[in-house]
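Structure, as structure tokens:
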Amino acid sequence: MGDVVEQGAKAWFSSDGPNDGGPAGWRLDVVTLLAVIGESSIAEHAQIITASMLCLLPRIIPAPQALLKPSRPQRLPETTARMTGVYSGVVLETVGFFASIIHPLEGMQAFAFQVLEIKHRDKNNAGGIEVPQQSASNSRSFLPQWRPYGRTNTNLSTTRSIKGPPPDALDDEQRRLNGRGPPRSVTFSPDVEACSGSNSSSDAPAQGITRRMTVKEKVQDFVSNPTLAVTAERPAIPATLYSPMHLLEAFSALLTYSIIGFAGYHNDGTAIVAVALMALASSIVGWASWWKPILMNRAHNNKVPAGDVIIRTREGAFLLIKCTEEVARELYSGTEECKYHVSGQAYRGLMGLGTFLIMVSVILLGNCKWWTQVFIGGSYIVLNGLYWTMGLLPKHLFWDLSRYEVTDVTPREAQGAHGTTDDNDPREGVKSFTRTLWYAIRETKRTAWAKRSGAAPDTPQWRLWLDEAEAAANEGNKSWPCVARKDEIMKMSEEEALKLAKTVVTRDFDAAEQAAPAVQVQPQDRNTGQGPPTSF
């Protein structure tokens, strides 16, 4: 009895024809399993996959069920470390998601010490400091405001002076450390001067030169948040336009369309429907999880403590961040929240629809014709390998962190804290927690943060050591024998330590000691940064 040859529409949805099977009657029903393998890789990259509108592209992705969650996280995953405000006294148990990308803590060696200065690259967009725009009423006539093709009028006859922002508003770390007065006016030449107009208000900063956004930045912002077409707000940290994940999503979409075209060439209607439903499910699930990061910023320009923070890792390394309060609230002390494009109720409905489409497509994939199954199986194998490769790339390639300018300002004498600096000195020349702690105190010239964060025990001996360390740091004694002095003090009794503490020079007032509350409430649902995030 010969093989049955279907005619008409049945030929598109049958898999028992003479040319529909593989060699020697082989079948690739395991292709349904390949479609759901790779859940760990997808879960690891869930944030970046759904951080731009490219998640709406109809495409096949390995293990789409990894994005099917009963609820969406409201916070980004964080890394466990003890973080303390040097001047504010705020103590937290975790480091923010984007801060961990800027300076990965897992890359720091035991007892290492590093000092980084982080500031906004564009001070007109410095965390809530709004630079007022010139109103039309300040212009002498309508014609000077009109500029062909949106270009700035640079034909100014006189040189004008633009006042700087408030001293506590923008990044002027050196002025704050040196105790200088108000910022000086900055004078620009006529060919680059911006028309600032008259500004009699002493509270608001005058408008300065604002850099225009490039085409790449506009496209990148639109991809991250299409609503920017009608609003002036720019997402703080969008996904990079040429992110490896964006390129992989575009490749996956092209591969999906190729599979559909290949199935159409072989009259395989089952494969067309299966792949189309799987691609549609990916778009629906991506739409439900589409989000953008919301960083905390300052609502007022009132006087606040400086934003420097110091981070202590489990391995005993210290990382000092010199920054303003605006940067500190965005990256460290503030909360990094997720703002979604659909409501919570709509999310549950879309998740249900996506689950149904995935189940139907998996059933149909097992009934495709032989050569289509080969193409689909090979595509899933390639995509699984590519998504796994994404985990090997550094995270800074996926996010646009150009908002911040990072400079390593570690003192030369503290750069080798994680190793031996003097083989002839078994105390001061060998790496130790005490020596690294002294390096941090020497740089901050304060010890209240060490007490609040638990970097040093609260005993009379250690309090005496901290007082002497702070006094040596303020005196500029960089060669103070911190380890030797610690060994001597630890041999004292409590009475001797208390008696000797009275002879130490009186410490300056440190506002961090008076900060309340003494212990912050730590959320229990934060991701600790160990392994793939379970909440995304």
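Annotations for the structure displayed:
- Tally, over the stretch 69-93, of residues that are farther than 20 Å from PRO238 by Cα and either open to solvent by less than 40 Å² (accessible area, probe 1.4 Å) or not aliphatic (A, V, I, L, M) (or both): 17
- One residue stands out in the stretch 461-475 among those that are open to solvent by less than 20 Å² (accessible area, probe 1.4 Å) and of a type outside the set (D, E, K, R): the one that is nearest to GLU413 (Cα to Cα), namely ALA473.
- Helices (runs of 4 or more DSSP H) lying entirely in the stretch 434-512 (those with 1 or more residues that are of a type outside the set (Ser, Thr, Tyr), at pLDDT 90 or above and closer than 28 Å to THR421 by Cα): 448-453, 460-475, 482-490
- Number of the condition not met by THR421 [criteria: (1) under 19 Å from GLY316 (Cα atoms); (2) under 33 Å from the mean Cα position of the chain (by Cα); (3) among the β-branched types (Val, Ile, Thr)]: (2)
- Residue within the stretch 341-354 that is loosely packed, with under 15 Cβ neighbours inside 10 Å, in contact with a Lys or Arg (Cβ under 8 Å, 6 or more places away or on another chain) and not basic (Lys, Arg) present: yes
- Filter result (aliphatic (A, V, I, L, M) and within 29 Å of the chain's Cα centre (by Cα)) within the stretch 424-449: LEU437, ALA440, ILE441, ALA448
- When residues of the stretch 416-429 are limited to those that are in contact (Cβ under 8 Å) with a residue 12 or more places away in the chain and open to solvent by 50 Å² or more (accessible area, probe 1.4 Å), the one farthest from PHE111 (Cα to Cα): ARG427
- Test: residue in the stretch 403-410 that is within 30 Å of LEU54 (Cα to Cα), in contact with an Asp or Glu (Cβ under 9 Å, 6 or more places away or on another chain) and either at pLDDT below 90 or open to solvent by less than 60 Å² (accessible area, probe 1.4 Å) (or both): yes
- When residues in the stretch 36-56 are screened for being at pLDDT 85 or above, of a type in the set (A, V, I, L, M) and open to solvent by 20 Å² or more (accessible area, probe 1.4 Å), 3 of them pass.
- Among the candidates PRO457, PRO481, residue that is surrounded by fewer than 18 Cβ atoms within 10 Å (Cβ to Cβ) and free of Cβ contacts under 8 Å to residues at least 12 places away in the same chain: PRO457
- Applying the set (1) out of contact with any strand residue (DSSP E or B) (no Cβ under 6 Å at 6 or more places or on another chain); (2) part of a strand (DSSP E or B) to VAL406 leaves exactly one unmet item: (1).
- Long-range neighbours under 8 Å by Cβ, at least six apart or interchain, first residue over 13 Å from THR324 (Cα atoms) within the stretch 288-306, second among the small types (Gly, Ala, Ser) and modelled with pLDDT under 75: LYS292/SER224; PRO293/ALA236; ILE294/ALA236; LEU295/GLY127; LEU295/ALA236; ALA299/GLY128
- For the stretch 415-429, the condition of being assigned to a helix (DSSP H, G or I) and basic (Lys, Arg) holds for none of the residues.
- Pick from the stretch 294-319, criterion modelled with pLDDT under 90 and charged (D, E, K, R), ranking: surrounded by the most Cβ atoms within 10 Å (Cβ to Cβ): ARG298
The values are calculated or read from the model by the stated rules, or taken from the named source; none is laboratory data. Given the structure is predicted, the values throughout are model-derived calculations rather than measurements. Virtual Cβ from ideal backbone geometry, glycine too; neighbours counted across all protein chains shown. For the accessible areas, the whole protein counts, side chains as well, though only heavy atoms, and no ligand, DNA or RNA atoms are used. Shrake-Rupley method; radii C 1.70, N 1.55, O 1.52, S 1.80 Å.
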